[in-house]
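Each reported figure results from applying straightforward, stated rules to the coordinates on display, with no laboratory input. This is a predicted model, so every value here is computed, not measured. Methodologically, a virtual Cβ is constructed for each residue, glycine included, from the backbone with ideal geometry; neighbour enumeration extends over all protein chains shown.
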Amino acid sequence: MPKESRRKTSKDLGLSVTGLTERRAAGKPQQPGEELPLTAAERAQPPVMEAPRVPQVTITPEGGGSSREMQQEDWDEAVEGTLRRKLSSSSISSTGSSVAESEDDLLSDTETKSKGIVTLEHLLDAGDQVKPWWKLKTIVHWPFSATQRRKLNWVQLAGHKGNFKAADEGTILKKFSDLEMQCFEKLKDDGLLSFVPEYHGVVEKDGESFLHMTDLLATFDLPHVMDCKMGVRTYLEEELVRARERPRPREDLYHKMVEVDGEGPTAEEHAQRGVTKPRYMQWRETMSSTNSLGFRIEGTKKSDGTCRTDFKKTRSQQDVVQVFTDFAGGNGNVTASYLSRLTEIQKALKTSQFFRSHEVIGSSLLFIHDHTGKAQVWMIDFGKTTALPEGQTLKHDVPWQEGNREDGYLWGLENLIHTLQAVGSAGTGEEPGGGHQTTPTHCQ
């Protein structure tokens, strides 16, 4: 144990244990510079360590339930440094990630998804009382009591354990991605800058590199959050090409397909109990509104902590409108704020040089609002956004054909705007957009 955190003993002070014990028993006052020996009850309590750091993550099973308690290695840093701030009301993806366990990540052979929702614990205020690590464990169990929720906000993030870490007040660290870093550097001089998380550079922590970004939910009070994955596909063309190089039937993908749609596999795939990766990648998009509307809902979280990730078959505009209606809770001001922000984003995208020269895949729009009526939408997740060859541009609203690299982002955004118009009109009894109906006119 480090010398500075070791409890001083009577021997260190040159005092007799017997004398101190007798003085305690006799009720005599403690002498200056003297530390009385511990009683049996005191010895039974774990010592309060100096400078406790926050635990990294807990994992909440999908659909609710109690959080899995962290393993010891997750806590071995939880006893360094005072807790400095309230747990931030960060996102499902406060800096660019989604609430849901996205199927997109399954498409990467180098990563293994963790099941459930990953919760990143942030630091408390500097003035908060220092707590021993064994007491810290008690505050991360789910669900929080009402009192705890007021004091301790929290983060819901998708992705792999260790992808996100707490940072300074109002910021968060995201595991380093070279593509995403390049995007943030280019966005500094682009019209989209005000619609993406503020980027503070690359930092090193625990031997790893992270992108340092603004925590988008730091100013919200127990927010409702929704993640919408944009575009007509969530995989790069090169991923499809690589997958075709070794198109072996995979049993894990077969089971995932059957879980969503028992009639999804062909007779041959049922017989071999296997589905190839290219087949699964393209099938996955047809099951959700990615194919029919150019965006899909990845997941939602409400202020009470209720999470939904069961949108794999939410495909029709009517179903999507219902999800948004429930998410906005009938608050017309929230819906209007979302519509206004989406319109601003649409206008900025059409004049953005960055957008014109990049294939935007796997990126999301993050919707946030709270009980005050405050609402925002942010563009997040640029880990698959890739630059086009010099001189080449995309329209983002025409059908994708393999080789043209079109992503359908603008077409999806147009349909998303019509969806919010329908939600707003439902509260007034008016026809959305003067009778305009959203249909997949561009990217079938």
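Quick notes
- For the pair the range 237-314 / the range 328-399, the C-alpha centres are spaced 24 Å from each other.
- With contacts taken as Cα pairs under 8 Å at a separation of at least 6 residues, the range 225-294 carries a relative contact order of 45 percent.
- Simple rule: put +1 on each Lys or Arg Cβ and -1 on each Asp or Glu Cβ in the range 245-377, find the dipole, and look at 354, 281, 297; the Cα lying farthest toward the positive end is 354.
- Extending 7 Å from the Cα toward the beta-carbon at both residue 182 and residue 347 defines two label points whose distance is 3.2 nm.
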